[in-house]
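Right, one structure below, let's go through it.
The values are calculated or read from the model by the stated rules, or taken from the named source; none is laboratory data. If you're wondering where the values come from, they're calculated on a predicted model, not measured in any experiment. No Cβ is skipped: glycine too gets one built from the backbone with ideal geometry, and neighbour counts run over all protein chains shown. In case anyone asks, the SASA skips ligands and DNA or RNA and just uses the protein heavy atoms, side chains included. Shrake-Rupley method; radii C 1.70, N 1.55, O 1.52, S 1.80 Å.
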Amino acid sequence: ASPADQLQNKNKVLNISHRGASGHAPEHTLLAYELGEKMKGDYIEVDLQMTKDGELIAMHDETLDRTTNGTGLVKDYTLAEVKQLDAGSWFNEKYPELAKEEYVGLQVPTLEEVIETFGKGNRYYIETKSPEVYPGMEEKLLEVLKKYGLSGKKAASGKVLIQSFSSDSLKIVHELDPQIPLVQLLWYDHAAGITDAELNSYKEYSIGVGMNFDMLDKAYVQKVRQHGLEIHPYTVNEKDDMHRLIDWGVTGLFTNFPDRLQEVLKER
Ligand code: G3P
Ligand code: CA
């Protein structure tokens with residue numbers, strides 16, 4: 001199948017709920033993911049870290065400090081210890097205007113809990129974070145996907161995408177299961193440019209690329225598309241940026257506000 005055919009709907013701009021609907025609720029909690037689903041996100045984005053006892057959890061940072069009441073590195077704590085933490089109160093403190101009592105005491109979910117809660121029918125866009133800190137995390141991830149029937153044909157149909165800034169991590173996944181569609185993440189601190197050689201090398205293992213949106217231009221987006229690759233910029237929260245990027249031809253957007261992207265897609 002062509003790269004585009006591997007995705008769930010090749011004619012649609014994918015609405016990717018970044019860390020869940022994290023503009024409305026504390027990121028990487030089941031409530032944020034649920035809200036993403038309600039707001040018509042096509043994919044739940046899950047960043048992965050790994051505990052001391054080898055459990056994959058949904059968390060963006062390598063440390064617990066920002067999004068829980070704990071402190072220190074995730075890799076120094078067991079899952080049982082991480083489960084004691086409050087992953088919601090920080091949001092109420094940081095965003096009093098969005099605070100809700102129900103966020104107090106929310107737990108950090110494991111990847112398995114996320115899949116058990118949202119089911120095989122859902123779509124997951126999973127990032128291996130800091131893979132150099134967590135040797136074996138790719139194997140663990142694929143074990144979980146297999147356990148829940150999300151590898152094999154399900155993966156090939158785009159139910160699961162795996163993304164990483166680490167090409168080494170993506171290549172490990174590709175070696176273990178070449179059917180899972182992969183997305184290479186990139187980051188630019190100046191006007192983005194991409195060579196044919198770079199695109200050809202990403203194409204060897206991935207179906208697309210994702211990068212910070214603010215350094216892009218139309219020529220970049222079109223070059224990626226001409227190479228037959230998907231392009232999913234992050235993290236796009238304002239409607240005028242969404243419209244512009246869609247005009248340029250992006251095939252998906254990571255957003256903290258899947259409700260806004262849904263409105264934009266309906267307006268067009
Ligand atoms: O995965 C896309 C985007 O989320 C990458 O940046 O730091 O939010 O994981 P980050
Ligand atoms: Ca991410």
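Think of it as helices only: each DSSP H run of n ≥ 4 in the chain is worth -39500 (n - 2.57), and spread over all residues that comes to -9000 deg cm²/dmol at 222 nm. Quick check: Cα centre of the stretch 164-200 to Cα centre of the stretch 69-86, how many Å? Here the two parts' Cα centres lie 30 Å apart. Of all DSSP-defined beta bridges confined to the chain, some 15% are antiparallel rather than parallel.
Just to be sure I understand: with springs between alpha-carbon atoms less than 10 Å apart, which residue in 219, 21, 156 has the highest mean-square fluctuation in the Gaussian network model of the chain? Most flexible of the set in this elastic network: 219. Model label sites at residue 80 and residue 132, defined 7 Å from Cα along the beta-carbon direction, differ in position by 3.3 nm. The spread of Cα positions in the stretch 125-268, taken along each principal axis and listed from longest to shortest, comes to 40, 34, 27 Å. Counting protein heavy atoms only, the chain has 49 percent of its accessible area on carbon and sulfur, 1.4 angstrom probe. The Cα trace of the stretch 20-79 gives Rg and Dmax of 12.4, 36 Å, the first to one decimal, the second as a whole number.
Of all DSSP-defined beta bridges confined to the stretch 1-159, some 40% are antiparallel rather than parallel.
From largest to smallest, the equivalent ellipsoid semi-axes obtained for the stretch 199-240 from the alpha-carbon gyration tensor read 20, 11, 8 Å. Between the beta carbons of residue 92 and residue 53, assuming R0 = 35 Å, the FRET efficiency works out to 0.75 to the nearest 0.05.
Per the Cα gyration tensor, the stretch 1-131 maps to an equivalent ellipsoid with semi-axes of 26, 19, 12 Å, ordered largest to smallest.
The string of couplings for the stretch 18-24 from the Karplus curve (6.51, -1.76, 1.60, θ = phi - 60°) is 6, 6, x, 7, 7, x, 10 Hz, one whole number per residue in order, with x for Gly and Pro. As a size descriptor, the averaged projected area of the C-alpha convex hull of the chain was calculated at 13.5 nm². Under 5 Å from the amide H of residue 164 lie the amide H atoms of 183, 185, each residue being 5 or more positions distant or on a separate chain, with H modelled from the backbone and absent for Pro and chain starts.
Between residue 62 and residue 102, the FRET efficiency estimated from the beta carbon spacing at R0 = 22 angstrom works out to 0.20.
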